[in-house]
Every structure is written in structure tokens, then in C-alpha cells.
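The values are calculated or read from the model by the stated rules, or taken from the named source; none is laboratory data. Fair warning: this is a prediction, and the values are worked out from it, not measured in the lab. Cβ: placed from backbone, ideal geometry, glycine included. Neighbour counts: every protein chain shown. With ligands, DNA and RNA removed, areas are computed over all heavy atoms of the protein, side chains included. Shrake-Rupley method; radii C 1.70, N 1.55, O 1.52, S 1.80 Å.
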Amino acid sequence: MAEQISYQLGVEGMSCASCVGRVERALGGIDGVSGAQVNLASETAQVTLETPDQLADVVATLAEAGYPAVTEEFRFTVENMHCGSCVGRVDYALAAVPGVVETNVNLTGEEARVRVVSGLVTADDLVKAGAAAGYPMTTVVQAGADTSHAARKEEERARLGRMTLLAAVLTLPVFVLAMGGHLFPAFHHMIAGTIGMRTSWVIQFVLTTAVLAIPGRQFFALGVPALLKGAPDMNALVALGTAAAWCFSVVSLFAPGLLPAGAAEVYFEAAAVIVTLILLGRWMEARAKGRTGQAIAKLVGLRARTARVVRGGGVVEVALEEIVAGDVIHLRPGEKVAVDGEVTQGSSWIDESMITGEPMPVEKAPGDVVTGGTVNGTGALQFRATKVGEDTMLAQIIRMVQTAQGAKLPISDVVNRVTLWFVPAVIAAAVLTVVVWLVFGPAPTLGHALVAGVAVLIIACPCAMGLATPTSIMVGTGRAAELGVLFRQGDALQAMQGVRVVAFDKTGTLTEGHPVLHDVEIAEGFDRAEVLRLIASVEALSEHPVARAIVDHAKAEGAVLAEVEHFNALAGFGVRAWVDGKAVLVGAARLMEREGVALGSFVDRQGALARTGRTPLFAAVDGRIAAFLSVADPVKKGAAEAVATLHRMGLEVAMITGDTKATADAIAADLKIDYVIAEVLPEGKVEVLRRLQAGNRKVAFVGDGINDAPALAAADVGIAIGTGTDVAIEAADVVLMSGALSGVVSAMEVSRKTMRNIHQNLGWAFGYNILLIPVAAGVLYPAFGLMLSPMLAAGAMALSSVFVLTNALRLRRVGVRADSRHAPAPALKPATAQ
């Protein structure tokens, strides 16, 4: 089957969870769409298609459903056009670019206007398409207000702010005229004795009509078509409620004879205040939504705008988009690294905290890799660009965060099922409320019925339901990215909070992944420096990691290596060679035994050392024992603290390794690991995970190598160390951008707190509606004589969404803390092989 393609589109017009359901159903009905995930908080839709050609169907379907895709327009000058056939070829070339919605090529003006789905197509993509067809193009202007998602949302917030202010200015006199007499009876008498109550009502009519016609027009423009299509949304509820209050008031003012005696009453203030409060809530909601996407904005802001590149024998400053792989870039102190590359000259310290979450700068020298978006310290560097544009690590991180933020968790299905019937159910409840009040209510029954019916329509808040999950996901995954944790698969965010066992690979995950020389003991009668020089000279000819550890240590102590003769590697034993006329043996105890070298005072060291997880080695010079050495793969800094914190979080920890049982037990005892499974072949790790998953326990596996990829895929949650191989990262659900194991704790913390936040939001959203809709209907009236004013209902509805967003924003403060609020550690089991 052909590889499927995913696109993320901005979607306009979504205001509540019921809109999300309708967009998903519309997209799901298109042939060739195998998946559609719609996110209310980010106002995006992630669609998976079989071919790029189907993107046009997606855009058309969204427009037909009343939720158009966000588009932007580019304008170009076009060269080499001479006739109508040229126009056709340019039009065809541009229209063939996936994401192009509309093209307009003008021969006389030698220009082309192209409307595209925002974010899917860049001006450079279109220029390349034109050039490939033989018609060079130059961007004239990127027209339209939708030049970027951030700018578009900022304009929307500004517009909502203006409309809210206008509504408030128009509503204030209406509210004072209508409610002033209730608060101050003297004010009522003053109005009656001066302008008269009818004139007061006429003023309220004029001002309220202006409120509904100008700032409140959006509710009718969106809500009425949705209602006529049989798919009412939040806008339809507001339109129905305010229209009912306004129409009843107009009849009471201009044709009171049409109403039963004593029923004439005006509710202009209710309609005006409802619009004002809901606009205020949406403005506050838009501001809060802007903060939920700050993680992406920060990541995008990390990009350098320009770089100093070697071109034509000199150094020139070029735009980021003009850098190509192979360019040599000069990096001055304090500058941002423009793209990924390899240092060719100079040395400095680079702050990589914005990528990895690690606060300490990293030293860079020739041969080291630098990452775009990181910040240079006080040194100067030259580096060769290796990855540019969308291939850089920063671009990949941004894509992963965007994908995770747009993810649809399994818990979202509950919300979707509810919202399928929620708004129609609210309308039915409002109609039933009016009927019950008309039949059983006290006089004036019509007035009571109207107040209760409008309150029911207005109090319902599918907005809060729709925002409950996606806002928490956006903020949680964004905060995780700041901590150096990337959720490649969105559902891993939910799966991780159910994990009970965290299994670690040993080499390169719990340990540094390369051996280090620990002990050097010199036999009596030998000089330490001379013995180290001889041993290192021999081991320098070996490719074994242990040999490299010995050579590195000797060089660090200032040893100068000598010429080696007659080098011979003895498989399974060690090495033999001649150095400066001396016979040198380096290897295991069995080599010394075979060659008849007595171990002397070192005879008991091998057994004791094996229990510490270190590998013992012996060296002999001219047939006499000269030195005892031990080599070990050191445990990573912070590993013990990470394991201890996982225990305090109530999790069990396992270690899976192909190393010997003795070495594994020694590390496990040091780190206080619960389960140790040693001497496991790479293909056996999956079976070990199956055993750990017995009893329906969820297991997370942390690894970094190619041989870890099957285990990462088989675990309930696969966590790859970002410093590992690409294969391991591709197989994982979560990627830790640094090698620090504190990232595992961060991932667990973010997952748990995000899911807790989602449950809080859903609890509020559902609880709010379950409790307040009956109150709005008037269930408290028979016992307490209380009815909920539509104005209070509007305020409560507006604040409901703001509460959900504000609660989600608390996740921006999530950090790594090992404190007493974690569950107590489980009783540790003996660290033995399973």
C-alpha cells in the first residue's frame, strides 16, 4: 500500500465541541481520508490522505460544511509569458502544487495570484514550480492578513477586543435604565417622572438592536446557517436566546395587545448583556489560547534570521532561507547557530538548553556537531552546514511538537460522543422548559417561561467541553518540549500516566556507553608512569573499547606512546607485544596463568572486583606481574537520582541488559533497581517486556541503540534517548533530547499532571452543565423562589471556558520535583536476575 500523507490545516469558524464533531464527520466522509483529528484549542485539523490530490476535496468539504480552511494569498511577477498557452502552463504548474486552492494568472500584467492553504505551501514552493515549468517568478507581496497563524490570531484577539468594548459602551446605558430601578427605587421613579418608561424602553430597544446588529452580528451570521442546516452550535444557542429576548421585548413595546394581559415586559438588557459578556469571555478565551501555543512560538523564535556565510572568497550576511548544505558559516560570540552543522575551526561553549533542556553549556571543537537555534558563548567558530531548512533538528522538533499538540487522545472520544447530541439536547431542554412554565408556572407565565428558556440556552457551554482536552495537551506537550521531552505520538501522553514499570536498557542508557579506567595498581619494583606507557603503547593497536579506555587514561596522565613490535591479539585472552625491547602482556587472569606469570599480591583482586561490576585486567613485563587494572562502564550522572524519583512516584524499575549477571547485579545494587534481567540477547528483550507486562501491567522501555528498536516498539510506551540512533528514535513514542535520565522523570510528571488537568477540566465542563442547566430551567423556584437571570447565565457560561483555559495554563509551571507528594516507594525486591 502506498505511503499515506498527513497535512495540518487551520480551520475557521469552530466555536465549541459540537463544531469539532461536525468537522470530523465531514472529513471522515471523504473518499481517501483515512484519519481526521480536529483540535478546537489550536483550531486545526490533521488529515491523513492517500494522495496529495485529495487535499482539494478536503478544502472544498470544509468550506461546504461552514468551516473553511485558513488560506493566504501570494502574488508574483511571471517572466517568459507570451500567449494564452503560457498562461495555461503556468496555471497548471501552480495548481499542481499540493495545498493550492485557487490560481489567477494574468498575461497582460505578467503576474500570478495564488491562494493556498495556510502553512502547507510557501512562496518558495510556488517559485520552484514556476521555474520548473520554464517561467521564473518573483514574489511581489504576500497579500492578505493571514500571513502567519500568530498574526491572524492576534488580529482576531484585537477584533474581539474592539467588539467587546463597543458592546459594553452600548450595553451600559441599557443596563442602567433597566436595572437601576431594582437597585435604587428612587431611580425608577425619576425615570418614570422625566422621560417616562416607554421612552426608556425605546432607548433600550435602539441600543440593544445596535448591540445585536454590530458586535453581536457574528452569532447570527454563524449560528443561523448552522441551525438551518440542522447542525446547531454554540453560536446558534446564543442567537436563539438573544433573539427570543429581543423579539419578546419588541412585541411588548410596539404591540402589547398581542400578549396576554400583564405579560408585557421588556428584556432588552438581557439580550445586550448576554452578547457583551459572551464577547468578553471569548476575548479572554482568545488571549488564553494565545498563551497555550507559546511553546511553538518560542521554538520558532529560536531560529536565526541571518548568518555570515563564506561566498565568493568573502564573508557575506545572507538570509536563513538562502543557506545550503555545504556552506561554511562564521559564528561570532553570542550569535545563534543558524543551521545544523559540523565545526571546522575554532572552539567555544554552546548553550543547548533550549533544545535539550540541559542548563550547562557544551564545549564544541573541530569535528563536533552544532544545532540550529542554540546560542554561542564567548568563542568564535566556523562550521559547515550539514542540514538546512526543514531537515534541521529544530524544524523536526517543531513538527513533532505540532503533531503532539494536535493529537487526539482516547479520552477525547467521550467528549465527542457527548457533543454529538449536546446542543440539540439543550435546545430541546429549552423548549421543554418553556412548555412546563407555560403550563405550570405562576403569572406572568409567559415572562417566566421566556426567562427560563433563554437562561437554559445561554448557560449551556459546549465550548468548555471542547477546550477541556486539547488545551491541556497543547500546554502540557509544549512544556515537555521546554524540558527536552518530545512526545512523538500524542496518545503516549495518556498511555504514560498508566505505566507501572519503567524498564531501562543498561549500556548507553543507565551507563555512559563506553568503558573508563578505574583502578591502576602497580606491583612493587615498577614505576607507574613507565608501566602505563608500556601498556598504553600496546593497547593503542587494539580496536577494543577497553583498550581505548586505557590509552585515553594514559594520555591524560601525560604518557608518550612508544613504537610497538610483534603485536599479537590473543582472542579471549588479551594482547602480547614488544615495546622498547621488553615483552609486554595485557589481559585477563587466564592469560597470566597460561603464560606462567604469578599474580603475586593481586591474586585475590579478581573475585572481589567482579562483584563491583568492573572488568579486571593484568599486565606483565618481561614475565613479571607489573600492574592490576580495572575497567567499567560508568553509571550516568543523575541515574541514581532518577531511579529514586521514579520509586517515589510509585513506579517499579527494571534493567534489561546483555551484560554479565555479576556486572548487572552490581549496577542494580548501586542504583537500587527492582528487577534485573541480564545476559539477554537483543531479540530477547521483547520477550522480557512481555513477562514484565504480565498481569496487565503497563511498561515503559528506555533505550538508545539500534538493538533497542524492537523493544521500544513493543513496550506500552517507548522512550528513546535523543543522543541515540535514528532507528531507535523512530521506533519510540517519546524522545528525550538529552542523554540525562531526568528526562524520564520529566516525561512521567508531564503525563500525569496533564492527564490530571484534563480530568479536572472535563469534570468542571460536565459538572457545570449538569448542575446549572436544571438551575437555569427553574428547579429551585418552587422551593426557594429563585430563578437564574439570563445575564448571570451568560456570565457563568463565559467564565466556564476561561476557567478551563486558565486551569490548563497551570501546566506551564510543571517541573521536575521529587517531593513528598509522590506516592511512597514500593517495597524493593531483591535485585536478582529473572
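A few points about this structure:
- Flag for THR61 being more than 23 Å from ILE758 (Cβ to Cβ), at pLDDT 85 or above, of a type in the set (S, T, N, Q) and touching a Leu at 6+ places or on another chain (Cβ under 7 Å): yes
- Of all residues in segment 1-25, those being in contact with a Phe, Trp or Tyr (Cβ under 8 Å, 6 or more places away or on another chain) and not basic (Lys, Arg) number 8.
- So THR77, is it in a helix (DSSP H, G or I), of a type in the set (Ser, Thr, Tyr), at pLDDT 80 or above and more than 25 Å from THR471 (Cβ to Cβ): no
- Scanning segment 96-127 for residues that are more than 23 Å from VAL70 (Cα to Cα) and free of Cβ contacts under 8 Å to residues at least 24 places away in the same chain yields ASN106, THR108, GLY109.
- Among (1) open to solvent by 10 Å² or more (accessible area, probe 1.4 Å); (2) over 36 Å from the mean Cα position of the chain (by Cα), the one test that GLY498 misses: (2)
- One residue stands out in segment 729-761 among those that are closer than 19 Å to GLN494 by Cα and open to solvent by 20 Å² or more (accessible area, probe 1.4 Å): the one that is modelled with the lowest pLDDT, namely ALA731.
- The requirement of being crowded, with 22+ Cβ neighbours inside 10 Å, of a type in the set (Phe, Trp, Tyr) and either modelled with pLDDT under 90 or outside any helix (DSSP H, G or I) (or both) is fulfilled somewhere in segment 694-705, by at least one residue.
- Helices (runs of 4 or more DSSP H) wholly inside segment 182-294 containing at least 2 residues that are crowded, with 19+ Cβ neighbours inside 10 Å and among the charged types (D, E, K, R): 268-292
- Matching option when the condition is buried (at least 21 other Cβ atoms within 10 Å of the Cβ), of a type in the set (Val, Ile, Thr) and more than 21 Å from SER472 (Cα to Cα), among VAL58, VAL38, VAL70, VAL20: VAL58
- Enumerated strands (runs of 3 or more DSSP E) restricted to segment 511-619, each holding at least 2 residues that are closer than 21 Å to PRO634 by Cβ: 516-522
- Of all residues in segment 106-138 being exposed (fewer than 14 other Cβ atoms within 10 Å of the Cβ) and part of a strand (DSSP E or B), the one that is modelled with the lowest pLDDT: ASN106
- Subset of segment 4-61 [more than 21 Å from GLY281 (Cα to Cα) and charged (D, E, K, R)]: ARG22, GLU24, ARG25, ASP31, GLU50, ASP53, ASP57
- Subset of segment 620-645 [open to solvent by 10 Å² or more (accessible area, probe 1.4 Å), among the aliphatic types (A, V, I, L, M) and not in a strand (DSSP E or B)]: ALA640, ALA644
- In segment 553-577, of all residues being out of contact with any helix residue (DSSP H, G or I) (no Cβ under 9 Å at 6 or more places or on another chain) and touching a residue at least 12 places away in the same chain (Cβ under 8 Å), the one that is least open to solvent (accessible area, probe 1.4 Å) corresponds to ALA569.
- Restricting segment 419-448 to residues that are touching a Gly at 6+ places or on another chain (Cβ under 6 Å) and under 30 Å from LEU409 (Cβ atoms), the residue that is least open to solvent (accessible area, probe 1.4 Å): THR419
- Taking the conditions (1) modelled with pLDDT under 85; (2) surrounded by 19 or more Cβ atoms within 10 Å (Cβ to Cβ) in turn, GLU539 satisfies each one other than (1).
- Qualifying position, being closer than 16 Å to ASP622 by Cβ and either open to solvent by less than 50 Å² (accessible area, probe 1.4 Å) or without any contact (Cβ under 8 Å) to a residue 60 or more places away in the chain (or both), among ASP519, ASP505, ASP580: ASP580
- Of the listed requirements (1) in a strand (DSSP E or B); (2) buried (at least 17 other Cβ atoms within 10 Å of the Cβ); (3) free of Cβ contacts under 8 Å to residues at least 60 places away in the same chain, LEU9 misses just one: (3).
- Test set (1) within 19 Å of ALA711 (Cα to Cα); (2) touching a residue at least 12 places away in the same chain (Cβ under 8 Å); (3) open to solvent by 50 Å² or more (accessible area, probe 1.4 Å) - GLU687 fails condition number: (2)
- Residues that are at pLDDT 85 or above, in a loop (DSSP other than H, G, I, E, B) and either buried (at least 18 other Cβ atoms within 10 Å of the Cβ) or touching a Ser or Thr at 6+ places or on another chain (Cβ under 9 Å) (or both), drawn from segment 80-105: VAL97, PRO98, GLY99
- Within segment 657-676, restricting attention to residues that are within 26 Å of VAL485 (Cβ to Cβ) and β-branched (Val, Ile, Thr), the residue that is modelled with the lowest pLDDT is THR657.
- Residue check for ASP716: at pLDDT 85 or above and touching a Lys or Arg at 6+ places or on another chain (Cβ under 9 Å): yes
- The set of residues from segment 681-693 being assigned to a helix (DSSP H, G or I) and either touching a strand residue (DSSP E or B) at 6+ places or on another chain (Cβ under 7 Å) or of a type outside the set (Gly, Ala, Ser) (or both) comprises PRO682, GLU683, LYS685, VAL686, GLU687, VAL688, LEU689, ARG690, ARG691, LEU692.
- Qualifying residue in segment 449-458 (condition: surrounded by fewer than 18 Cβ atoms within 10 Å (Cβ to Cβ) and either closer than 27 Å to GLY767 by Cβ or in contact with a helix residue (DSSP H, G or I) (Cβ under 9 Å, 6 or more places away or on another chain) (or both)): no
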